[in-house]
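Some notes on the structure that comes next.
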Amino acid sequence: MDILSLFLETGFWLATVRMATPLIFGTMGELICERAGVLNLGIEGIMAAGCMSGWTWVFLGGTLWGGVLFAAMVGACLGLLHAVFTVHLGLSQHVTGLGITMLGASLSSFVFRMLLPQVTTPPKITPFAPLDIPVLSALPFIGPVLFSQTALTLLAFVLVGVTAYVLLRTPLGLALRMVGEHPLAAEAQGLSVLGLRTGAVMVGSAFMAVGGAFLTLAAFDAYYIGMVNGRGWICIALVVFSSWKPGKALLGALLFAAFDAIQMRVQQQSMTGIPYQFYLMLPYICSILALIVMSRKAAYPKALLVPFRKGER
């Protein structure tokens, strides 16, 4: 009954939405990449780079929004590196992505140690403050849950709508979906398959990096090595869970965040002596089960993982 009562608490849903925010950014970024036919396994490292670069910008005296923009630029650069190897050179997307992950994570740790070699406690910054939107924040339940979050959380929800609209309602979205489904047909229509895929990977990687920046600029107020903590891999699973649809991806991110919030509350209230690692694995087990149920009939992009070489038939 205590667990069921959680679903009636405003604080639980406020925490769920906040915890879902980096997942939303990362999942939208990965979804864009995969709809264009490119699997980006570099997401974990790109989010780590976004964490570090956004925090560094603010720590050195920049603005919070400047930190978000700088993180997006760093993510786009890593996305460009990924695209050079996978899109233009046709190398393995799996191997390249894992390499980007190791590069992003290691480079972030290296820069942090070089910037603050003698620091044992990470310095803190002033993060984004929760908004207080007149009228909207005062609405019962939905007000504090949605409209008392930080600006980045609201931006994440807006991003879902924009991504869905662009992919499903615009010529650009049609072109992206075409290069992910039938790149030869796209080439026959005069579209640049390599250019579209490169752009999609860069934009998607920028979104991933902003998801990482959220952790240091809004969720917390300092940078810790390893703070991404597997969120990138969860985003990849959420894309499959959503059948490559932005709306379902949002639902999946909220679902996983709810599982995570539940395990934290149960862990705090449990008096059984069960090791805390058991509670930590609960959201992942629930996510795996949900993934199995929801993705059995998922229709993946037909050209996903398939390199395109201009002129070949």
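The values are calculated or read from the model by the stated rules, or taken from the named source; none is laboratory data. Being a predicted model, the structure only gives us computed values, none of them experimental. Don't worry about glycine lacking a Cβ; one is built from the backbone with ideal geometry, like all the others, and counts go over all protein chains shown. Note: areas computed on protein heavy atoms with side chains; ligands, DNA, RNA excluded. Shrake-Rupley method; radii C 1.70, N 1.55, O 1.52, S 1.80 Å.
Where the only charges are on Cβ atoms (+1 Lys, Arg; -1 Asp, Glu), what is the dipole of the chain about its Cα centre, to the nearest 20 debye? Let's see the in-between values first.
Details: 17 positive and 11 negative charges, 141 e Å.
For the chain, the charge dipole is close to 680 debye.
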Chymotrypsin sites (Phe, Trp or Tyr not before Pro) within region 101-210: DSSP coil, no more than 16 neighbouring Cβ in 10 Å | PHE141
In the full protein assembly as shown, how much of VAL145 is accessible to a 1.4 Å probe, in Å² to the nearest 10?
-> 10
Taking a straight Cα-to-Cα line shorter than 19 Å from LYS248, and setting aside same-chain aspartates and glutamates fewer than 8 residues away, one finds GLU30, GLU34, ASP260
Out of LEU115, ALA219, PHE70, whose Cα points farthest toward the positive end of the dipole of the chain (charges: +1 Lys, Arg; -1 Asp, Glu; placed on Cβ)?
-> PHE70
Report, ordered by chain and residue number, the lysines lying within cross-link reach of LYS245, taken as a straight Cα distance under 27 Å and ignoring same-chain residues fewer than 8 apart.
-> LYS297, LYS302
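Taking N as the number of residues in the chain, what is its alpha-carbon radius of gyration divided by 2.2 N^0.38 Å?
Working: Rg = 19.9 Å, N = 313, 2.2 N^0.38 = 19.5 Å.
For the chain, the normalised Cα radius of gyration comes out at 1.02.
May I ask you to rank MET28, MET281 by accessible area, largest first, using a 1.4 Å probe over the protein chains only?
Details: MET28 0, MET281 85 Å².
Putting MET28, MET281 in descending order of accessible area: MET281, MET28.
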Tell me which aspartates and glutamates have Cα within less than 12 Å of LYS310's Cα, excluding those fewer than 8 residues away on the same chain?
-> GLU187
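Hydropathy first: keep DSSP H helices in the chain averaging at least 1.6 on Kyte-Doolittle, then drop any whose Cα extent along the axis falls short of 20 Å, and list what survives. If you can, show how the numbers build up before the last one.
On the way: long enough: 10-35 (35 Å, 0.68); 43-59 (24 Å, 1.05); 64-83 (28 Å, 1.80); 93-115 (32 Å, 1.00); 151-169 (26 Å, 2.12); 193-214 (32 Å, 1.50); 246-269 (35 Å, 0.50); 276-294 (28 Å, 1.79).
What comes out of the filter, once short or polar helices are dropped, is 64-83, 151-169, 276-294.
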Put +1 on the Cβ of each Lys and Arg and -1 on the Cβ of each Asp and Glu in the chain; which of VAL58, GLN263, GLY180 then has its Cα farthest toward the positive end of the dipole?
-> GLY180
Just read off the accessible area of PHE308 with the full protein assembly in place, 1.4 Å probe, to the nearest 10 Å².
-> 20
